[in-house]
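Take a look at the structure below.
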């Protein structure tokens, strides 16, 4: 089990980080042959990215249910885009398989959102948590001094 940090902490960035939200929605539970391959594709991609630090993938967290979501952290938008388009990586075949098997038939929904985060343009706090989120993907800093308040964390450009 991960160590619980009892102090209040935040994240510290030394440059841009990209937060990428991605997920799927099971629209027809009984069509297991349509949604199961989609659900199984992401762990393969994450293992591939985690094994290659040069890819720029910093980490992520997942939640599963009818609507799944994975929050991913990337070194830059360029790293994310390069991995998405790279024909030698797992993403391209998974995307092609989804389009062949599901396409626009409505059995499975997929989505993503991409956000560029820069120092001074984000705010986060973690208390009584293991390392998590942006503080786990980048660097953890104590939430004290100018980082004690949300206003201070939001304006704390380092």
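The values are calculated or read from the model by the stated rules, or taken from the named source; none is laboratory data. Note that this is a predicted model, so its numbers are computed, not measured. Positions of Cβ are backbone-derived with ideal geometry, glycine not excepted, and every protein chain shown enters the neighbour counts.
The lone criterion from (1) touching a residue at least 40 places away in the same chain (Cβ under 8 Å); (2) not in a loop (DSSP other than H, G, I, E, B) left unmet by residue 96 is number (1). Can you find a residue in the range 4-27 that is part of a helix (DSSP H, G or I) and surrounded by 14 or more Cβ atoms within 10 Å (Cβ to Cβ)? No, there is no match, as no residue in the range 4-27 is part of a helix (DSSP H, G or I) and surrounded by 14 or more Cβ atoms within 10 Å (Cβ to Cβ). Residues that are touching a residue at least 12 places away in the same chain (Cβ under 8 Å) and over 24 Å from residue 16 (Cβ atoms) within the range 43-63 comprise just one, 44. So for the range 63-79 (the condition being assigned by TED's automatic domain parsing to the domain that holds residue 31 and in contact with a helix residue (DSSP H, G or I) (Cβ under 6 Å, 6 or more places away or on another chain)), does at least one residue qualify? Yes: the range 63-79 contains one or more residues that are assigned by TED's automatic domain parsing to the domain that holds residue 31 and in contact with a helix residue (DSSP H, G or I) (Cβ under 6 Å, 6 or more places away or on another chain). Of all residues in the range 99-138, those being in the same structural domain as residue 22 (by TED's automatic domain parsing), touching a residue at least 40 places away in the same chain (Cβ under 8 Å) and part of a helix (DSSP H, G or I) number 1. Just one of (1) outside the structural domain of residue 48 (by TED's automatic domain parsing); (2) assigned to a loop (DSSP other than H, G, I, E, B) fails for residue 141. It is (2).
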